[in-house]
1. Within the stretch 63-82, name every residue whose backbone N is under 17 Å away from a label modeled 7 Å from Cα of Met40 along the Cβ vector.
2. With +1 on the Cβ of every Lys and Arg and -1 on the Cβ of every Asp and Glu, and nothing else charged, how large is the dipole of the chain about its Cα centre, in debye rounded to the nearest 20?
3. List, largest first, the extents of the alpha carbons of the stretch 2-66 along their principal axes, each in whole Å.
4. Relative to the present Cα-Cα distance, how much length would full extension add between Asp22 and Leu126 at 0.36 nm per residue of separation?
5. Considering only protein heavy atoms, what per residue accessible area in square angstrom results for the chain with a 1.4 angstrom probe?
6. What trypsin sites (Lys or Arg not before Pro) in the stretch 19-105 are in a loop by DSSP, with at most 16 other Cβ atoms within 10 Å of the Cβ?
7. Between the helical axis of 44-58 and the dominant principal axis of the chain, each derived from Cα atoms, what acute angle in degrees is found, rounded to the nearest 10?
8. Dipole of the chain (Lys/Arg Cβ +1, Asp/Glu Cβ -1, origin at the Cα centre): which of Phe52, Leu8, Ile127 lies farthest to the positive side?
Amino acid sequence: MEHELKALIKKCDLAIKNEDFDTLMDYYTDDAVLVVKPGMVAKGKDEIKKAFIAIAKYFNNSIVPTQGKMMILEAGDTALVLSHTFLEADKEDSEYSMDRKATYVFKKNSQGKWLCAIDNSYGTELIDTD
């Protein structure tokens, strides 16, 4: 049986593709952290929404994220998701990798709904940057 987080991440990817950032924010904790790019982090839903709007603009409003192979490690109300993440866009000269090994942390809220607490599409690549 497929883990429910795979379906949730697929919904998030679709919201990003459709630039439906209000719906996307429903999948984040209030104090979530998004790694925008190495050296730049957005904290909280307001900053994260602004960051996604800027990311969409950077990629000429054409970004399409998808997930490849995925591993989910779950302990109680916390899950670590390791995912091969692919980005497609109508931008040919991005200085950022479009093929990433992402790390995401999800927490279950009191209603049993998974929410993203840490969104790091760069994964361990972050420790290789200054």
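The values are calculated or read from the model by the stated rules, or taken from the named source; none is laboratory data. Bear in mind the structure is a predicted one, so any value in this text is a computation, not a measurement. In this analysis, Cβ positions are derived from the backbone assuming ideal geometry, glycine residues included, and neighbour counts consider all displayed protein chains. Heavy atoms of the whole protein, side chains included, go into the accessibility calculation; ligands, DNA and RNA do not. Shrake-Rupley method; radii C 1.70, N 1.55, O 1.52, S 1.80 Å.
1. Taking a point 7 Å out along Cα→Cβ of Met40, the residues of the stretch 63-82 whose backbone N falls under 17 Å are 63.
2. Dipole magnitude for the chain comes out near 280 debye.
3. 33, 27, 22
4. 34.7 nm
5. 60
6. Lys91
7. That helix lies at roughly 30 degrees to the long axis.
8. Projecting each Cα onto the dipole axis, the largest value belongs to Leu8.
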